[in-house]
2 protein chains.
Amino acid sequence: MTVLTSRTDLDIDPDKLRESVASLLERHPLAFEGTRQLALQHRPAATDPWYEGCLRQSLISSDSDFTEVHAELRGSYLGEVFDRLPFKPIRTRIMALDPKHCYSVHRDMTPRYHLAVTTSEHARFVFVEHGKVVNVPADGNLYYVDTRHLHSAFNGGDDIRIHIVFGTDNEQK
Amino acid sequence: MTVLTSRTDLDIDPDKLRESVASLLERHPLAFEGTRQLALQHRPAATDPWYEGCLRQSLISSDSDFTEVHAELRGSYLGEVFDRLPFKPIRTRIMALDPKHCYSVHRDMTPRYHLAVTTSEHARFVFVEHGKVVNVPADGNLYYVDTRHLHSAFNGGDDIRIHIVFGTDNEQK
């Protein structure tokens, strides 16, 4: 069972990525406590485009409807990252996990690509049915994570874990 | 590498245990946010006997100094549980983990015996060096957990996880 594989050919600079995300979060803060988020894609006619994609799955329409990258990202390094993707992303979000916090154990409807912005070796995915415990390093690589398997992620480190999570309708490219 | 083994011969009733703990927590609430605690053993001359054992390891003297079980527990089911232990417990605590919370990844100086009071299958220990993901069920059995290995525990379920954690100076009995 493969839950995680990486794409190393996108040539993303981890430092530029971190700076671009930090600058964005100054203008648009993360929402929610503990498991914090900001939406980077929205539905074409969104009234709350930075946050509507952060609501829980049962409260929103299909991920496939969240197709639009914020116009504000054009010209930023984050915008460049979107341009380099080898797949069509949907409902992309910045997902941040504070120290001593974890997600509820769950399955996603679709697999995801994860790009770690800041993390530590003590922030891990746990695939509970398979006993797999894996870390996504902030190395500029894109990691395909098959989150259709029952999983959680916890942050047992001292610093916040920030991932960009790209949704996809497709199997791994 | 064995990180967890159980003692099934103590004949602890999970329902009576849960009631006894609930009654105690009404009188002495858990301290701290998210990763909450109450000390069941204290030092002989303690001025704050219910809470001094809850402080972080670096702020207290050796676990071996926390030898006294609260007199208030005599006659309660929790007191009976202490009487049945096949080892001398030290610095025993009630440790509660709220949903969506986890511990920092760490090693303890000594192994521990865990007795789960309330939990779910989605509350797990994670031994990060060995990739082991284990659950301690609330079945009235005492589980020896070798927490000298680097580990965390996370609560990915919907309900609070409450364990009684008995310290021990000794290897498994």
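The values are calculated or read from the model by the stated rules, or taken from the named source; none is laboratory data. The structure displayed is predicted, hence computed values, not measured ones. With ideal geometry, Cβ positions are generated from the backbone for all residues, glycine too; neighbour counts draw on all protein chains shown. When the accessible area is computed, the model is the full protein with side chains, heavy atoms only, and any ligands, DNA or RNA have been set aside. Shrake-Rupley method; radii C 1.70, N 1.55, O 1.52, S 1.80 Å.
Quick one: if the Förster radius is 45 Å, what FRET efficiency do A:SER23 and B:VAL134 give, using the C-beta to C-beta distance and rounding to 0.05?
Numbers: r = 42 Å, r/R0 = 0.93.
After rounding, the FRET efficiency stands at 0.60.
Under 1.5 on a/c is rounded, so check that first for chain B, then, if it is not, pick prolate when a/b is larger than b/c and oblate when it is not; a ≥ b ≥ c are the square roots of the alpha carbon gyration tensor eigenvalues. Show your work: numbers first, answer last.
Details: a/c = 1.28, a/b = 1.21, b/c = 1.06.
Taking the square roots of the gyration eigenvalues as a ≥ b ≥ c, chain B is rounded.
So what J values fall out for the range B:47-61 if you push phi through Karplus, 6.51 cos²θ - 1.76 cosθ + 1.60 with θ = phi - 60°, rounded to Hz, Gly and Pro as x?
9, 10, x, 7, 10, 4, x, 8, 5, 5, 3, 6, 9, 10, 6
Nearest 100 Å² is fine: how much accessible area is buried between B and A, summed over both sides, with a 1.4 Å probe? It would help to have the intermediate numbers written out before the result.
Working: alone 8430 and 8440 Å², together 15240 Å².
By this definition, chains B and A bury close to 1600 Å².
Counting other C-beta atoms within 10 Å, and keeping those with at most 13, which DSSP coil trypsin sites (Lys or Arg not before Pro) do you find in the range A:65-145?
Details: sites: A:ARG74, A:ARG84, A:ARG91, A:ARG93, A:LYS100, A:ARG107, A:ARG112, A:ARG124, A:LYS132; in loops: A:ARG74, A:LYS100, A:ARG107.
The qualifying sites are A:ARG74, A:ARG107.
I need the phi-derived Karplus couplings for the range A:116-121: 6.51 cos²θ - 1.76 cosθ + 1.60, θ = phi - 60°, integer Hz, Gly and Pro marked x.
7, 9, 9, 6, 8, 5
Name the residues whose placed amide hydrogens come within less than 5 Å of the amide hydrogen of B:THR118, ignoring near sequence neighbours (fewer than 5 apart) on the same chain.
Those lying under 5 Å, H to H, from B:THR118 are B:ILE162.
Given a 1.4 Å probe, show me the residues in the range A:145-161 buried by at least 20 Å² of accessible surface when comparing the whole protein assembly to the chain alone.
A:PHE154, A:GLY156
Note down, for the protein assembly as shown, the three equivalent ellipsoid semi-axes (square root of 5 times each alpha carbon gyration tensor eigenvalue), biggest first, whole angstrom.
Working: eigenvalues 384, 72, 66 Å².
Equivalent ellipsoid semi-axes, largest first: 44, 19, 18 Å.
Quick one: which residues, 5 or more positions from B:ILE90 or on another chain, have an amide H under 5 Å from its amide H? H modelled 1.01 Å from N in the peptide plane, none for Pro or chain starts.
B:GLY167, B:THR168
At B:VAL134, label 7 Å along Cα→Cβ: distances to the other copies, nm, ascending?
Values, ascending and in nm: 2.4.
Grab the beta carbon distance between A:GLN57 and B:MET109, set R0 = 45 Å, and tell me the FRET efficiency rounded to 0.05. Show your work: numbers first, answer last.
Values: r = 42 Å, r/R0 = 0.94.
Given R0 = 45 Å and the Cβ-Cβ separation, E is 0.60.
With every protein chain kept in place and ligands, DNA and RNA left out, what is the accessible area per residue of chain A? Probe 1.4 Å, answer in Å².
On the way: 7620 Å² over 173 residues.
I get 44 Å² per residue for this part.
Per-residue ellipticity at 222 nm for the protein assembly as shown, helices alone: DSSP H runs ≥ 4 residues times -39500 (n - 2.57), over residue total, nearest 500 deg cm²/dmol?
Numbers: 4 runs with 44 residues, N = 346.
Helix contribution divided over all residues of the protein assembly as shown: -4000 deg cm²/dmol.
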